[in-house]
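Inspection log for the structure reproduced underneath, given as structure tokens.
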Amino acid sequence: MHKDFDRDPSTNSVPLKWLRGASVAAAVAMALAAGVPASALAARGAAPEASDNDAGAASAAAAQPAARTTSAHGAPAATATPAAPAAQAPAGGARPAPAQAAAPAGDPFAAPVTVGPMNPYAPRPTLAPVQKTIIQNQAAYERLMNNSGITVQWLWHADRGHLQATDTDDVVRLEGTQSNYEGTLKMKGEVVAISTDRFRFRGTILIVDAPDKGRNCERTGDFDFRISGKRKYWRLQQMEFCGTLTDYVDVYF
């Protein structure tokens, strides 16, 4: 004789452990005998209780600490962030050229000099400033720094003009004038390089009113001065620049 399902007479509920093992029909019969509402039984049938095994697995999963990655020194290792993809050139655009090593310095006199004539009405060219005068012969450098003046052959009766040479920030600069009633010679610029028998001048050489009044011969650009034989001066090599006249511009030492 069972004990009226071992239920508490003070309540109308049926112990859940009986309902788990019973069939649906038996569960309904026991519920009706105990006065359990049918709606509650329907809800319980729609969402069955988890088994003891399922409940144990869930408890074990909750109790187990989250796995952590540690470094070789025992400290938690930072999660590696995937590197951003390398930037790509836009479609149809050229990739930037890789950096190239500077080309070794060659012969400073190998570059072409300026040729004439110049259009007196055209804008004057912009000359790149000399970064450093290349000195290939120290004795020649000393002669140029201590020069004794400039001349042009058209000024027959003029004294030799004064040519000032300065060396500032490793750049040699020249500026001088020869002038009288016959005309004027002016020279102003920088020295690109100097060797044993020549130097490359970058700047302006201007001859005004010589040999004829109204003449204006301007040279602006790169020009070579050179020593010939045992002469004591450097002579401008681009002599024919303005028309058919030949200008002998000399720098003495």
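The values are calculated or read from the model by the stated rules, or taken from the named source; none is laboratory data. As the structure is a prediction and not an experimental result, all values here were calculated from the model. Don't worry about glycine lacking a Cβ; one is built from the backbone with ideal geometry, like all the others, and counts go over all protein chains shown. These area figures cover heavy atoms from the full protein model, side chains too; ligands, DNA and RNA do not enter into them. Shrake-Rupley method; radii C 1.70, N 1.55, O 1.52, S 1.80 Å.
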Practice task
Please specify each residue of the stretch 196-223 satisfying the condition of being open to solvent by 30 Å² or more (accessible area, probe 1.4 Å), assigned to a loop (DSSP other than H, G, I, E, B) and not polar (S, T, N, Q).
Solution key: ASP197, ASP209, PRO211, ASP212, LYS213, GLY214, ARG215
Handout entry: Tally of residues being surrounded by 16 or more Cβ atoms within 10 Å (Cβ to Cβ), in contact (Cβ under 8 Å) with a residue 24 or more places away in the chain and on the phi < 0 side of the Ramachandran plot across the stretch 178-188
Key = 6
Exercise for the section: Considering each of ASP197, ASP167, ASP250, ASP159 in turn, give the residue that is acidic (Asp, Glu) and more than 47 Å from the chain's Cα centre (by Cα). Expected result: ASP159
Exercise for the section: Quick one: in the stretch 229-238, of everything that is more than 18 Å from GLY161 (Cβ to Cβ) and touching a Phe, Trp or Tyr at 6+ places or on another chain (Cβ under 9 Å), which residue is surrounded by the fewest Cβ atoms within 10 Å (Cβ to Cβ)? Expected result: GLN237
Exercise for the section: Check whether at least one residue in the stretch 131-149 is hydrophobic (A, V, I, L, M, F, W, C), closer than 24 Å to VAL113 by Cα and open to solvent by 60 Å² or more (accessible area, probe 1.4 Å), and report yes or no. Expected result: yes
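Residue-wise test of (1) open to solvent by 60 Å² or more (accessible area, probe 1.4 Å); (2) of a type in the set (Val, Ile, Thr); (3) outside any strand (DSSP E or B).
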residue	(1), (2), (3)
ALA158	no, no, yes
LEU163	no, no, no
GLU175	yes, no, no
GLU190	no, no, no
